[in-house]
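The values are calculated or read from the model by the stated rules, or taken from the named source; none is laboratory data. Please read these numbers as outputs of a predicted model, since none were measured by experiment. Cβ atoms come from the backbone with ideal geometry, glycine included; neighbour counts cover every protein chain shown.
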Amino acid sequence: MSATVSSLRATSSAPAKTASWRGLPSPPAERVSAFSHALAERAFSFDYCARLWYDSDELIQRNRPMEFYTLASSSAGNAALVCHENTHILIDAGISCRRITQSLAALSLTLDDLDGILITHEHIDHVRALGTLQKKHAVPLYASFGTAAAISYPAPYLHAFAADETFTIKDLQIRSFRTSHDAKESVGYRIESSDGSLAVLTDTGFITDDAHDAVLGADMLLLESNHDVVMLKNGDYPYYLKQRILGECGHLSNEAAAEFAVECVRAGTSDILLAHLSDENNSPQLAEYTVGRALQASGLSVRLSAAPRDTISEVHVCRRSPSFASEN
């Protein structure tokens with residue numbers, strides 16, 4: 001077997017040729033790289049290696065890092081997608097089922113590819129599509145006990161959990177944590193793959209102890225940066241609504257997001273995507289400026305951007321930083 005493996009390794013590192021096994025053309029460079037990586041991990045039979053080399057995307061999928069997208073992010077509707085190898089998880093479903101379907105199609109996926117839906121809380125801008133989804137697709141839904149009691153979803157597909165529970169969906173480990181919002185039992189999530197992590201923290205009036213402990217050190221962070229305090233106070237919202245947003249069970253301001261972002265980057269976060277921006281009391285430019293200024297003042301560098309309101313974001317690769325990986 002060792003001779004076969006040695007021979008295959010030599011083949012994978014050699015220049016591509018026009019034809020080889022069974023007369024098929026040489027595969028693309030991405031497949032060569034994925035094949036070589038997998039071969040270094042363990043010795044497969046020759047037939048299995050040959051089949052994967054020419055006939056399958058399995059190795060390429062296996063060696064892709066975890067990826068994250070927002071499909072929509074605003075006070076009007078929120079949805080995000082986590083992809084790792086052959087695992088696909090939707091986080092919140094606060095836009096129409098049609099828009100979710102279209103967004104998935106743009107990423108070459110369908111609703112049937114979803115392995116689960118994680119819900120942060122029961123407000124309409126996070127669960128709008130659930131009614132249609134439960135009728136058309138049997139996608140498992142994961143929600144805290146409080147949130148599960150506040151929504152309608154078929155029992156066989158509803159998985160309720162305690163707000164500080166850790167569970168798995170296929171190859172991903174999910175850690176839930178409490179947030180502070182005017183909902184039954186709102187949560188955020190930290191998601192771990194074999195080579196990276198991401199955290200989702202939105203809809204919270206302040207950084208709870210649970211959130212602080214769970215989020216710190218995540219490689220990628222979706223962080224609420226809902227409003228500019230001055231814009232909100234001077235805006236047209238009625239007094240009660242301003243107080244709700246500014247309260248401990250409301251939403252995180254740009255300034256609060258900036259303070260926590262500094263702490264997260266110091267702990268190893270390399271990519272921050274600002275989310276749930278108010279259309280009336282904020283702007284992407286202002287949110288990025290406020291958080292970026294705080295990071296710059298602390299001498300920190302990070303990928304920083306604001307999630308698009310109504311379109312799919314750029315891909316955010318959740319890969320462990322080499323410097324922090326070596327420390328851990």
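The residues listed here are LEU246, LEU286, LEU295, LEU304; of these, the one that is of a type in the set (A, V, I, L, M, F, W, C), more than 29 Å from SER193 (Cα to Cα), assigned by TED's automatic domain parsing to the domain that holds ALA199 and buried (at least 16 other Cβ atoms within 10 Å of the Cβ) is LEU286.
The conditions of being in contact with a Phe, Trp or Tyr (Cβ under 8 Å, 6 or more places away or on another chain) and either assigned by TED's automatic domain parsing to the domain that holds ALA93 or among the hydroxyl-bearing types (Ser, Thr, Tyr) (or both) are met by ALA163. Selection over region 149-180 of residues that are among the small types (Gly, Ala, Ser), farther than 22 Å from ILE207 by Cα and either part of a strand (DSSP E or B) or touching a Lys or Arg at 6+ places or on another chain (Cβ under 9 Å) (or both) gives a count of 3.
Looking across region 289-316, the residues that are in a loop (DSSP other than H, G, I, E, B) and within 28 Å of GLY77 (Cβ to Cβ) come down to VAL302, ALA307, PRO308, ARG309, ASP310, THR311, ILE312, SER313, GLU314, VAL315.
ASP236 passes every criterion in (1) more than 18 Å from the chain's Cα centre (by Cα); (2) part of a helix (DSSP H, G or I) apart from (2). For region 255-273, the criterion of being closer than 26 Å to ILE124 by Cβ and in a helix (DSSP H, G or I) is met by at least one residue. In region 125-145, the residues that are closer than 23 Å to ALA162 by Cβ form Cβ pairs under 7 Å with partners that are at pLDDT below 95 and part of a helix (DSSP H, G or I), at six or more places apart or across chains, as follows: VAL139/LEU133; VAL139/TYR157; PRO140/TYR157; LEU141/TYR157.
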